[in-house]
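K.L.:
I'd like to ask you about the structure that follows.
The values are calculated or read from the model by the stated rules, or taken from the named source; none is laboratory data. Predicted model only: the values in this text are computed from it and were never measured. Neighbour counts are summed over all protein chains in view; Cβ atoms, including those assigned to glycine, are modelled from backbone coordinates with ideal geometry.
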Amino acid sequence: MHIKEFQGMMRKIYFHRDSKRGMKGTYSWLVDEVQELGEALEQGDKKAVSEEFADVIAWLASLANVVGIDLEKAALTKYAGKCPKCGKPRCECTF
Ligand SMILES: [Zn+2]
């Protein structure tokens, strides 16, 4: 399954609810899920970490649907096989 297909699946399951909740509410859910991912990582519970990653990508897809962004296109346009900052296929940025 590609990112585009995953986003389409999330649209089928949740768009009727996501569109009513709107951008701000959906963004808020995404932030909450990122927070929960951080907590799961701190606790080191691999099953919980896996579930929180799933929630984060699900809410990211929901938010993209609400605001009309094609996640796969956006990701692959910016990260087209190289670092968008230094332009190298293996990042050589100095932080
Ligand atoms: Zn770089």
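Residue-wise test of (1) at pLDDT 95 or above; (2) in contact with a helix residue (DSSP H, G or I) (Cβ under 6 Å, 6 or more places away or on another chain); (3) under 25 Å from THR26 (Cα atoms); (4) surrounded by fewer than 14 Cβ atoms within 10 Å (Cβ to Cβ).
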site: GLY44; (1), (2), (3), (4): yes, no, no, yes
site: ALA54; (1), (2), (3), (4): yes, no, yes, yes
site: ALA61; (1), (2), (3), (4): yes, yes, yes, no
site: THR77; (1), (2), (3), (4): yes, no, yes, yes
site: PRO84; (1), (2), (3), (4): yes, yes, no, yes
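K.L.:
Now for a different question. Quick one: LEU30 ticks every box in (1) touching an Asp or Glu at 6+ places or on another chain (Cβ under 7 Å); (2) surrounded by 12 or more Cβ atoms within 10 Å (Cβ to Cβ) bar one, so which box is it?
P.N.:
The number of the failed condition is (1).
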